[in-house]
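See structure below.
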Amino acid sequence: MTAVSTDLAARRPAVPLPQVAVVGLGYVGLPTALALHEAGLPVLGLDVSERRLADIRAGAVDLLDRDRARLGHALDSGSFRLTTGAPALADADAVIIAVPTPVDERRRPDTRALEAACTTAVEQARAGQTIVLTSTTYVGTTRDLLVEPLAARGLVAGEDVHVAFAPERINPGDPLYEQAAVPRVLGGVTPACAEAAASVLGATASTLHRVSSVEAAELTKLQENTFRAVNLALANELATAASVYGVDPLEVVDAAATKPYGFLAHRPGPGVGGHCIPVDPYYLLTPLREQGVETPVIERAMDAVADRPRQVAERALEIAGPGARILLVGAAYKPGVADSRCSPACQIAQQLAERGADVAYYDPLVEDAGPARDADPDPSAYDLMVVAVTHPGHDYGFLDGAEHVLDATYTTPGGRVRHAL
């Protein structure tokens, strides 16, 4: 009997693994695609940029070391395809949308990429698919851009297709909290939608925390990053207070953090950079403003976040004077990454240049941030060094020879005369 069963099993056709398509291969989409592929799923990566796909194929992308190894394996596997062709989405069993949601120059949500990606997913959708939106966005997006357009095509969420929202929690450049180690929030349009999305995303997170609706999941991500923005604005304000009293603000933060309840440490800096914290709260604020809902704490905090680079630049010019030669130490938006987009350091450089300073920058990871790059700084060539970002594993010993240092990170030694913000 055992021999017969084995023979039947050997002749039974293998069940094909579900194919997952990831729309948008940026700092969220690419690691997500790699995590899904590592879990054994065939993956299709879709991006509108041929240049981005060429960089991925060449390995010329900013990834953690372990994700870089995953990328090499994926590219060699034959089950990791890259394309700009939207029709390929129709072959996918699941579609994950992970495109940028920036703000414009007036700090209003810019949803053009999101709308285009959702429109593409809807146009290519077929019965039986699971569609998961992960981009941080305003509450109601999943229904506005996916559920209702799908219904107009005759595809009802929860019956013909499954639709969910599961916000990403990727922290670029952070090897401690990799994607798979972080719990993930998930909300489905129906319980069946949540179940279908969970079967796709389970391999990319340590646990899945299900909430009752897509709206609850959308608001969860906005609350997370708004919380951080408000507390970072407070940390910067308290650092200014510490300087009034001649106290090291980081010493105070570390001391407060010894309290085992009711306090979460946030450290001051030159500003808040990146694609999330200085951006995402506006996806909460803007719709509320339009409905006449007042949110004064968040509004004031976001104004302070936006104004921080100007404060650093003005303090630098108070110290060095007009026309000073200033080296900006660090151009990335945070330690450990080579990305200078949305960087407060670059905003500081621009503010200084507009006020007549002669600005150069040093950053071992960022090759082109706007000002002239000084790869081997001579402290005697500058009137002031402004520290905006330092990267782990790199030597900043040249600060020891600087005459004047304004350290907006509050972390480096060096400088014959050190100045507080």
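The values are calculated or read from the model by the stated rules, or taken from the named source; none is laboratory data. These numbers were taken from a predicted model, which means no experiment stands behind them. Positions of Cβ are generated from backbone atoms using ideal geometry, with glycine treated the same way; all protein chains shown enter the neighbour counts.
Among the residues making up the stretch 284-315, those that are touching a strand residue (DSSP E or B) at 6+ places or on another chain (Cβ under 8 Å) and of a type outside the set (A, V, I, L, M, F, W, C) are Thr286, Arg315.
The set of residues in the stretch 266-318 being of a type in the set (Lys, Arg) and in the same structural domain as Pro335 (by TED's automatic domain parsing) consists of Arg289, Arg300, Arg308, Arg310, Arg315. Filtered by the rule that a residue be in a loop (DSSP other than H, G, I, E, B), under 19 Å from Leu208 (Cα atoms) and either at pLDDT 95 or above or not charged (D, E, K, R) (or both), the stretch 149-175 gives Ala166, Pro167, Ile170, Asn171.
Looking only at residues that are closer than 22 Å to Arg308 by Cβ and out of contact with any Cys (no Cβ under 9 Å at 6 or more places or on another chain) in the stretch 367-387, which one is surrounded by the most Cβ atoms within 10 Å (Cβ to Cβ)? Residue satisfying both the conditions and the ranking: Val386. When the stretch 315-344 is limited to residues that are in contact with a helix residue (DSSP H, G or I) (Cβ under 8 Å, 6 or more places away or on another chain) and closer than 20 Å to Pro172 by Cα, the one that is modelled with the lowest pLDDT turns out to be Ser340. In this structure, Ile298 does not satisfy being more than 29 Å from Val99 (Cα to Cα), at pLDDT 95 or above and not hydroxyl-bearing (Ser, Thr, Tyr).
Scoring Leu352 on the criteria (1) touching a helix residue (DSSP H, G or I) at 6+ places or on another chain (Cβ under 8 Å); (2) touching a residue at least 60 places away in the same chain (Cβ under 8 Å); (3) within 23 Å of Asp378 (Cα to Cα) leaves a single failure, condition (2).
Quick check: is even one residue across the stretch 33-46 among the small types (Gly, Ala, Ser) and assigned to a helix (DSSP H, G or I)? Checked against the condition, which is being among the small types (Gly, Ala, Ser) and assigned to a helix (DSSP H, G or I), the stretch 33-46 yields at least one hit. When the residues of the stretch 239-255 are filtered to those that are surrounded by 13 or more Cβ atoms within 10 Å (Cβ to Cβ) and over 18 Å from Leu406 (Cβ atoms), which remaining residue is farthest from the chain's Cα centre (by Cα)? Going through the qualifying residues, I end up with Val252.
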